[in-house]
C-alpha cells in the first residue's frame, strides 16, 4: 500500500470484507478507508449492506473474510467492547441506554472515574459529564435518569460516551432519522467539530441533502458491493441516486388516473395527547393519499389511533359512512379498514408462525367453519394472495421468518388485502426491501387504487410519496400542516411543511 | 435481523422429536415398571396412578393456555387450597354439598379474575402477581378455615372422585380429565381462539395489530384457570374426604413441571396438548413406580424439580450444540482462505 | 425538579412512615410491643429476613429471582444441626463457614443454570426449590435425624445466636454489617453499578462490554452465601431444627424486596429499601396478634403487601411517564 502516501494514512481501513448470513450475502468484498479529520458518508438503499458495515466496525459481527486495519495495524474486533477499546464508537439510530441510570452513569458505565479504594468518584463523574454535555452544546443534567429523554438527547449521551472514551473513529448510523431539523443541524455542528479535532467519522444516511451538507466523501453500496467512492464535490446528486438504485429513477412509479370516488375514510377532529392534535382529512375510494412528515411527527401514531390499536382522546373516524369504535382493531377490520404497520417483524408478522397461518391471522373467523379453523381454506387464502402479489415461497408451511424482506412485506400486504378492506393504510410499505419488490408493491398499490380501494400511504421516502400519491398530507409536530394536490407537491413544499417553515399556503 | 433464525421446518421437526422422546420415555417407564415391580401393571394400580394425578392434570390444563400466551400462573394450587378450605367452611356451616359446588366454582373463577385484573388490567408482571396471589390465596384459605380439617363429606358424592367406570379400571375422574384434555386439544389446536393463543405468545404486538383481542383472551385464560383449579379442589376434597387450608400446596410446581416437560415453551407460543398429556402420564407412572419401591415423597419432589429444570435445559443445550456447529463451520472458512 | 440523590428515597421514607404509624398504633393497644424485649425480638426476627432480602435484592436488580431461598436456608440450617450431632464441640466459626459455603454452592448451581444455560431464573429456582428441599428431607431420613434440639448443640453456638453486643442483638449487628457492605458495593463500586446496568437493559449492557454472565453467576453465589449465613443464624437463634425450616419463606423474601421498592424487572432499587421492607413485614407479623388478628393471616398479608407494592409502583411509573411527556412537550412548545 505504498502508493497511498499521497493522502494522510487512514485511521481505519476495511479491506475486501465479505459477510454472509446463511443464504444471504450481505457484503461482497467491501473496502473503505476513513482518514482522520474527514466525514465520510456511506450511502445506499435499505438492504444494501450499510448496517452490516456498521456492525462489523462496531465489533458486533465478525467478517467472514477480509482485514480490518486500524492505525496501520490489522485488528480483530471480536466484541463491541474490543471495538470500543480500540477507540471506535458507534452511535445508533435509536441509542441503547440504561433507562434507570443517570445520564452521567450512561456515559461512563464500566469506566467510571475512581477514587482511592476503587470507589466511584461521583462528583468527578457528574462534573466531567456536565463538561462533555456543555462542549456538545446541550446542557443535560448529568444526574437525571435517561428514561424519557428524547432521541436527540440520547444521541448526545452516546456522543459524550464516545468522546469520554477518547474514540477517534465515530460511526453514526442514520442518526438524523428521528430528529427535527434543528436537532439535526445541532448534530452536524457537533460532527464537524469532532472531525476538526482529528476524528474520522462515518455517517450513514439516505437523505442526500445531508450527505452533501455534511460529508467530504461518499461511498455507495448496492447489494452488498461497493459501487462508487468519490468526493462529494465530484459526484452530483443524480449520479449518486443512479449509483444507489442501479438504474435511472424515472418510470419507477406507475402512471394512474387520480381517484375521485366517494369519501371512504373520513377523519374528523382526532386528538391524542402527546401524539397529534385536531387532525381532520378524507380519503376517497380509488385515491392514494400520501402522508409525509419527519419520523416522530405523529404519522404512525395517527395511523394506529385511526385503526384502534391506540386509543384516542376525541374525534371520529368513519369508513364508508360508518363510525369506527375507538381502540378496537377488530371493530375497524370488520368495518373495512386495514393497516399494514410500519414494523414488519414486530407488528405485521409473527415470524415464527408459518406463512399460511400469518396470512389468516387477521381473519381467523373467515377461515373457520363451525368454530373450527379450516386448514384448506387457510392455505387457499395464502396461495391466492401469494400468487397475486408474486411472492417467492418455498412452502406455505415454512415459518414467515424464512422469507426475504420483500416477500415478508408482500405477506403482510396479502394478509391485510385478504380481509377485503375498502380502506387501506400502509405505513412505510417499502422500508428495507429490495428494488424489485418495491416496484411490485408500488404497482400493486396503484392497481388496488384503480380497483376502488382508498389508500393512505405513510412514508419517510419523499420520492415514494411524490411518485405515488394523488394528494399529499404533511404532518409536523402532531398537526397536519399542508394538504397539497399532486401538482403542487414537490420536495421543497413538502419539506417546508414537514419542518414547520410553512407559509400561509 | 432474522438471519439467525432457523428454518421453520427444523423447528417443527425438533418439536416432533421432543414429543416422540416423551412418548418413548413414557413407554419405557411403564414397561420398566411392569417388568421390575410386582403389582405395578395391575389394573387397580394403573387406575390408582391415573386417579392420583387428577388434580395435577387439571391444574396443568389450566396453566397451558396461560403459558401459551407467554404468561404464568403460580397461584393455581393456592386457588385449589382456598376453594377446598371454603368447601370445608361452608360444609361446616351446614350448607348442602349441591349448593357448595357452584359457589366454589364461581369462587375459583373470581380468584382467576383477580389475577386477570392485576395482570391484564393493571399490566403488572404475571410472575410477581401470581407469586403474590399464591401467598394471598393460601393465606386466605387459613383465614377461612384455620388449621383444622373438615371431613365427612356425603358418601353419595365421594364415588364421583374415586369410583371407576363400570366394567373397566378407568377411574371416573380420569375420564373427566381425558374429556377436558380432548376439549383443550380442539380449542388450542383447531379454533381461532387457539390460533390466537399461539399468536399472542409469539408476537403480542402483531396479534394486537391483527385485531386479536389480546387482553380479553388473556383474562379469559386466567378465569378458566381459576375455575379449573376449583374443579380440581372439589375432586381433591372428595377424594381425600378432607378439606384443609393446605390442600394441594406445592402442586403448582408439579403442574408447571408437567407443562414445561410437555414441550410448552415458558416464553409462550410453543407446545401441544398431546405433549402435556404425555408428560402427565410419564410423571404419574414414575411417581407410582417410585412409590411402590418405597421412595419417599421428598425424593419424588427432587425428581419433579429436576424434571422441570431438565425440560427447559434440554432445548437450550440442543440449540447451543447446533449453533456451535454452525458457528464452527463459519469460522473455518476464513482460515482456509488464509 | 432535581434528580439529586437523597439519603433515603421517597419510597424508603414511605416505608419508614408506615413503620412509625404501625408501631404507634400497636403500642397504643399494647405498650409492651415497644418494650425492651419486644423491640429486641422484633429486630432479631427482622435480621434473618433482612439477610435473605438483601441477597435477593442483588438478584432482582439484575432481572433475576431466586425462589429457592427458603429451601437453601432450610438446608444450611439443617447442616448446622447435623454438624453438632456429629461433633458437639464444633467451633462456631466452622459452622458459619460450612453454612455459608453450602449456601454459596446452592447459589452456584442456580447461577450456573441461569448464566451459562440461559434458562430463566424463575424456572430454575422453582425447580431447585423442590430439589434442595427434597435433599434436606432425604438427608434427614437417611441419617435418621428428624430433628435437632437445643441440647444437642453447643452452648457457645446458642449463645452466639441469642447474644447481644452493647444491648444490640448480635444477629442484628451481622445483618447491619451485611446491609452496609452490600449498599456500599451497589452504590460506589463499578461492579455494583454494572448490576443495575444489566437489569436496566441487558442489550445495552452487552454493548457496553459488561460480562453479564459472570456477574449474574457471582450474584447468585453471593446471594446463596447470604442465605447460607441466614440458615446458620436461624439454627443458632431458634435452637430447634428440622427439615422444614424456611418452607414458604420465598414469599416473604420476594414481598420484602418488592415492598422495599426494588423493581421486579430489574434496574432499580436499593438494599436499604429491601431491608426496610423486611423490617416492615416483620413488624406487621409481630403486630398482628396484638391487634387481634390471628397469626394465620401472615401469608395473606405478605401476599397482599406484594400485590399492593407492585400496583403502587405501576401507578408511580405511570405518573412519572406522563410527567416526562409533559416536560418534553413543554420544552418543544
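The values are calculated or read from the model by the stated rules, or taken from the named source; none is laboratory data. Bear in mind the structure is a predicted one, so any value in this text is a computation, not a measurement. Backbone-built Cβ (ideal geometry, glycine too); neighbour counts: all protein chains shown.
The rows are residues; the columns are (1) more than 16 Å from residue B:158 (Cβ to Cβ); (2) surrounded by fewer than 24 Cβ atoms within 10 Å (Cβ to Cβ); (3) touching a helix residue (DSSP H, G or I) at 6+ places or on another chain (Cβ under 8 Å); (4) at pLDDT 95 or above.
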residue	(1), (2), (3), (4)
B:237	no, no, yes, yes
B:240	no, yes, no, no
B:250	yes, yes, yes, no
B:253	yes, yes, yes, no
B:262	yes, no, yes, no
B:265	yes, yes, yes, no
B:268	yes, yes, yes, no
B:271	yes, no, yes, no
B:276	yes, no, yes, yes
Can you name every one of the strands (runs of 3 or more DSSP E) wholly within the stretch A:220-304 that holds 2 or more residues which are buried (at least 21 other Cβ atoms within 10 Å of the Cβ)? A:263-272, A:276-284, A:288-293
Residue B:201 being closer than 20 Å to residue B:74 by Cα, within 14 Å of another protein chain (Cβ to nearest Cβ) and surrounded by fewer than 17 Cβ atoms within 10 Å (Cβ to Cβ): no
Qualifying residues in the stretch B:308-319 (those that are more than 8 Å from every other protein chain (Cβ to nearest Cβ) and more than 12 Å from residue B:266 (Cα to Cα)) - the one modelled with the highest pLDDT: B:310
So in the stretch C:17-36, with the set limited to residues that are within 24 Å of the chain's Cα centre (by Cα) and exposed (fewer than 14 other Cβ atoms within 10 Å of the Cβ), which one is nearest to residue C:311 (Cα to Cα)? C:17
Have a look at C:274, C:305 and point out the one that is in contact (Cβ under 8 Å) with a residue 60 or more places away in the chain, farther than 27 Å from residue C:150 by Cα and in a helix (DSSP H, G or I). C:274
Members of the stretch B:177-204 found to be in contact with a strand residue (DSSP E or B) (Cβ under 7 Å, 6 or more places away or on another chain) and part of a helix (DSSP H, G or I), listed by number: B:190, B:192, B:195
Could we say that residue C:222 is in contact (Cβ under 8 Å) with a residue 40 or more places away in the chain, surrounded by fewer than 22 Cβ atoms within 10 Å (Cβ to Cβ), part of a helix (DSSP H, G or I) and more than 14 Å from every other protein chain (Cβ to nearest Cβ) here? yes
Determine, yes or no, whether residue B:312 is within 10 Å of residue B:261 (Cα to Cα) and either free of Cβ contacts under 8 Å to residues at least 24 places away in the same chain or assigned to a helix (DSSP H, G or I) (or both). yes
Just to be sure before I move on: is residue C:197 in a helix (DSSP H, G or I), modelled with pLDDT of 90 or more and buried (at least 22 other Cβ atoms within 10 Å of the Cβ) in the structure I sent? yes
Looking at this structure, is residue C:135 in a helix (DSSP H, G or I) and closer than 19 Å to residue C:55 by Cα? no
Keeping to the stretch A:93-114, report how many residues are surrounded by fewer than 18 Cβ atoms within 10 Å (Cβ to Cβ), at the interface with chain C (Cβ under 9 Å from one of its Cβ atoms) and more than 15 Å from residue A:81 (Cα to Cα). 2
From B:49, B:136, grab the single residue that is closer than 26 Å to residue B:237 by Cβ, more than 20 Å from the chain's Cα centre (by Cα) and in contact (Cβ under 8 Å) with a residue 12 or more places away in the chain. B:136
Report yes if residue A:178 is surrounded by fewer than 23 Cβ atoms within 10 Å (Cβ to Cβ) and in contact (Cβ under 8 Å) with a residue 60 or more places away in the chain, otherwise no. yes
Would you say residue A:414 is modelled with pLDDT of 90 or more, assigned to a helix (DSSP H, G or I) and over 20 Å from the mean Cα position of the chain (by Cα)? yes
Does at least one position in the stretch B:112-119 carry a residue that is in contact with a strand residue (DSSP E or B) (Cβ under 9 Å, 6 or more places away or on another chain) and in contact (Cβ under 8 Å) with a residue 40 or more places away in the chain? no
Reported set for the stretch A:355-370 where residues are closer than 23 Å to residue A:403 by Cβ and facing another protein chain (nearest Cβ under 9 Å) is A:355, A:357, A:358, A:360, A:361, A:362, A:363, A:364, A:367
Yes or no: residue A:210 more than 17 Å from residue A:95 (Cβ to Cβ) and in a helix (DSSP H, G or I)? yes
Given the criteria modelled with pLDDT of 90 or more, assigned by TED's automatic domain parsing to the domain that holds residue A:271, farther than 17 Å from residue A:344 by Cβ and not in a loop (DSSP other than H, G, I, E, B), does residue A:426 qualify? no
Condition check: more than 14 Å from chain A (Cβ to nearest Cβ), in a helix (DSSP H, G or I), within 26 Å of residue B:249 (Cβ to Cβ) and modelled with pLDDT under 95. Does residue B:81 satisfy that? no
Tell me, which helices (runs of 4 or more DSSP H) lie completely within the stretch B:93-176 with 2 or more residues that are under 24 Å from residue B:252 (Cα atoms), modelled with pLDDT of 95 or more and within 14 Å of chain C (Cβ to nearest Cβ)? B:97-116, B:126-145
The residue that is nearest to the other protein chains (Cβ to nearest Cβ), considering only those in the stretch C:81-113 that are at pLDDT 95 or above and surrounded by 24 or more Cβ atoms within 10 Å (Cβ to Cβ), is C:110
Flag if residue A:299 is under 30 Å from residue A:184 (Cβ atoms) and either facing chain B (nearest Cβ under 10 Å) or at pLDDT below 95 (or both): yes
In the stretch A:340-352, anything crowded, with 22+ Cβ neighbours inside 10 Å and either out of contact with any strand residue (DSSP E or B) (no Cβ under 7 Å at 6 or more places or on another chain) or more than 7 Å from every other protein chain (Cβ to nearest Cβ) (or both) is listed as A:340, A:344, A:347, A:349, A:350
